[in-house]
Amino acid sequence: MVIVSEKAFQPWQVLADYESQRAGLQGQIGASAVFVGTMRTVNQGRTIEAMTLEHYPGMTEKYLKLVCSEAGEKWQILDSFVQHRYGRILPDEPIVLVAVWSQHRDSAFKACRYIIDELKTRAPFWKQEQTGEGSHWVEKNT
Amino acid sequence: MVIVSEKAFQPWQVLADYESQRAGLQGQIGASAVFVGTMRTVNQGRTIEAMTLEHYPGMTEKYLKLVCSEAGEKWQILDSFVQHRYGRILPDEPIVLVAVWSQHRDSAFKACRYIIDELKTRAPFWKQEQTGEGSHWVEKNT
Amino acid sequence: MSIKVKYFASIREALGRSEDELAARPGMTVDQVWQTSAQIAVPANTIVSVNEEFSHWQQFVSDGDEVAFFPPVTGG
Amino acid sequence: MSIKVKYFASIREALGRSEDELAARPGMTVDQVWQTSAQIAVPANTIVSVNEEFSHWQQFVSDGDEVAFFPPVTGG
């Protein structure tokens, strides 16, 4: 499942809710790999007060789904979940959550890493950082 | 932090509680990588009804701490957390939780993977599986 | 029938608008869409998409297409 | 003074006990601890530890040491 939303989310609560509502994988999951990307207050030497994430509605969801389905073709996984915010984000708030469930840990780790890496180069999101000296667009992902 | 405990735990609740009580890393964390190992009902072709995890109290904690500190020497991480159960475990119950917090995702993923891989070969736990035909010791980790 | 043009992030800001509507011409490329609609030099590293798929400047466009221009993505 | 010997998992089950207490002899090795205390053939792949550190069969042991014998670990 892919969710793109403006409101802040608590990743562990999101995962607890998602898993409790999911049916059909009883007894199959041996490994869950999760990644959470969070807003830091220092980036490339600058102190960041807030961030605004712009995105391309429609294309964003399309590429997030594509990246998840590619991960499912490359590795044997049972399920995947991505939630990504847009809009105004404050320090320590989660920006993105990626979770992959699998029978074994190697496929869970690799698929989770693949999804976040591909998302960072292919999902149309753009970060604008706010500092004491004004706003600037982040030009390159790290 | 390292916790070895007999009682069942809910990994997302454990992480929410742990993060809410942790002080001093505000604004620094950009990446969290988490692994959860869960009991499956099928292992190497056999249907497993339950599992009993034996461990070596003292040595277990010692090696879990050692593996976490090794990860901290190899990669730049901000914090790590491991919780591992022993005793009787039922299908779909979490067995182990590994979490690593870092500035960047590469170190978070690599340290998390290192901890679970090393734990599986060096932390003194032994699985005994219960099937319809009785009990057997798991001879080799996967 | 026409082509919808979208601009995002720093390109949207540079142009001062987020969308244009353009009359489609036969054999028109993405490059020509930019020249006709944006009417400024292409910012370095600009990425293009056609109908929400990554594309390239020599791609031909058709009536009803949605063409977008944006800087390298920086999400996650 | 003596040596505490611990057995875990399938080795504990095979011996029917989880601990032995052994009088320490000068120059005694882990291998000799096993021969004296367990008194059965060493199961294949048995791992040894001394004072909660992975060790080996030729390691010398001293008064007060804790020596453990167990199969390959299978946690996680």
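All of the numbers you see were taken from the coordinates with simple rules; none came from a lab. The structure presented is a predicted model; accordingly, all values stated were derived computationally and were not measured. FYI the Cβ positions are ideal-geometry reconstructions off the backbone, even for glycines, and counts take in every protein chain you see.
Looking only at other chains, what is the average number of their beta-carbon atoms within 10 angstrom of each beta-carbon in B:33-44?
6
Distances from B:Gly134 to the same position in the other copies: list them in nm, one decimal, shortest first, using label points 7 Å from Cα along Cα→Cβ.
7.9
For peptide B:121-129, how many partner chain Cβ atoms fall within 10 Å of a residue's Cβ, on average?
6
Run the label-point distances for C:Gln58 please: 7 Å along Cα to Cβ, every other copy, nanometres, shortest first.
6.9
Can you tell me the relative contact order of chain D? Whole percent, Cα pairs under 8 Å, sequence separation 6 or more.
Relative contact order, chain D: 42 percent.
Return the long-range amide H neighbours of B:Asn43 (sequence gap of 5 or more, or a different chain), with a cut-off of under 5 Å between placed amide H atoms.
The answer is B:Ile48.
Compute, for chain C, the length of the dipole vector about the Cα centre, with Cβ point charges of +1 (Lys, Arg) and -1 (Asp, Glu) only. Units Debye, rounded to 20.
180
So what J values fall out for the range A:5-15 if you push phi through Karplus, 6.51 cos²θ - 1.76 cosθ + 1.60 with θ = phi - 60°, rounded to Hz, Gly and Pro as x?
The phi angles translate into 9, 7, 7, 4, 9, 9, x, 6, 5, 4, 5 Hz.
In whole Hz, with x marking every Gly and Pro, tabulate ³J(HN,Hα) for the range B:121-126 from phi via Karplus 6.51 cos²θ - 1.76 cosθ + 1.60, θ = phi - 60°.
So the J values, rounded to whole Hz, are 10, 10, 7, x, 10, 9.
Please list, in chain and number order, the residues 5+ apart from A:Val4 or on another chain whose amide H is under 5 Å from its amide H, with Hs placed from the backbone.
Here A:His84 satisfy the definition.
Using only helices, what value at 222 nm comes out for the protein assembly as shown when you add -39,500 (n - 2.57) per DSSP H run of length 4 or more and divide by the total residues, to the nearest 500 deg cm²/dmol?
So the helix-based figure for the protein assembly as shown works out to -8500 deg cm²/dmol.
Near D:Met28, within a Cβ-to-Cβ distance under 11 Å, what is the net charge of the other residues, with Lys and Arg +1 and Asp and Glu -1?
Counting the neighbours of D:Met28, the net charge comes to -2.
For the range C:3-70, what proportion of DSSP beta bridges, expressed in % and rounded to the nearest 5, is antiparallel?
75
Once amide H atoms are built 1.01 Å from N in the peptide plane, which residues 5 or more positions from A:Glu93, or in another chain, come under 5 Å H to H?
Counting only residues 5 or more places away or on other chains, the set is A:Met39.
What's the magnitude of the charge dipole for the protein assembly as shown around its Cα centre, counting Lys and Arg as +1 and Asp and Glu as -1 at the beta-carbon? Answer in Debye, nearest 20.
Here the size comes out at about 180 debye.
Given a cut-off of 23 Å, what percent of all Cα-Cα pairs of the range A:39-132 lie beyond it?
33
Please list B:40-47, B:60-67, D:59-66, B:78-85 highest first by mean number of surrounding beta-carbon atoms within 10 Å per residue.
The packing order, highest mean first, is B:78-85, B:60-67, D:59-66, B:40-47.
Using all alpha carbons of the protein assembly as shown, what is the percent of pairwise distances in each 20 Å bin, ordered from the shortest bin to the longest?
Here the calculated profile for the protein assembly as shown is 23, 43, 24, 9, 2.
Using a label point 7 Å beyond Cα on the Cα-Cβ vector, give me the inter-copy distances for A:Gly87 in nanometres, one decimal, shortest first.
In nanometres, ordered from closest: 4.3.
Separation of the range C:33-60 and the range A:58-128 by C-alpha centroid, Å?
When both Cα centres are located, 26 Å separates them.
Would you tell me which residue of chain D has the beta carbon closest to the rotation axis bringing chain D onto chain C, and how many whole Å away it is?
D:Gly76, 14
Have a look at D:Val30, D:Pro43, D:Ser18 and report the one farthest towards the positive end of the charge dipole of chain D, computed about the Cα centre with Cβ charges (Lys/Arg +1, Asp/Glu -1).
Looking along the dipole axis, the top candidate is D:Pro43.
Give a residue-ordered list of calculated ³J(HN,Hα) values for the range A:74-87 (Karplus: 6.51 cos²θ - 1.76 cosθ + 1.60, θ = phi - 60°; whole Hz; x for Gly, Pro).
After applying 6.51 cos²θ - 1.76 cosθ + 1.60, I find 7, 10, 7, 10, 9, 6, 9, 8, 10, 10, 9, 8, 9, x Hz.
Net charge around C:Ser18, counting only other residues with Cβ within less than 15 Å of its Cβ (Lys, Arg = +1; Asp, Glu = -1)?
-2
For B:Ile77, D:Ile47, what's the fewest-to-most ordering of other Cβ within 10 Å of each Cβ?
Arranged by neighbour count, lowest to highest, B:Ile77, D:Ile47 become D:Ile47, B:Ile77.
Within the protein assembly as shown, what percent of beta bridges assigned by DSSP are antiparallel, to the nearest 5?
For the protein assembly as shown, the DSSP antiparallel bridge percentage is about 85.
Please give the FRET efficiency for B:Thr52 paired with C:Ser2, using the beta carbon to beta carbon distance and R0 = 56 Å, rounded to the nearest 0.05.
Approximately 0.20, to the nearest 0.05.
If you count, for every residue in A:53-63, the Cβ atoms of partner chains within 10 Å of its Cβ, what is the mean?
Shielding by partners across A:53-63 averages 5.
Using the C-alpha atoms of chain D, what convex hull volume per residue, in cubic angstrom, is computed?
84
Taking the Cα centre of chain B as origin, sum charge times position over the Cβ atoms of Lys and Arg (+1) and Asp and Glu (-1), and report the length of that vector in debye to the nearest 20.
200
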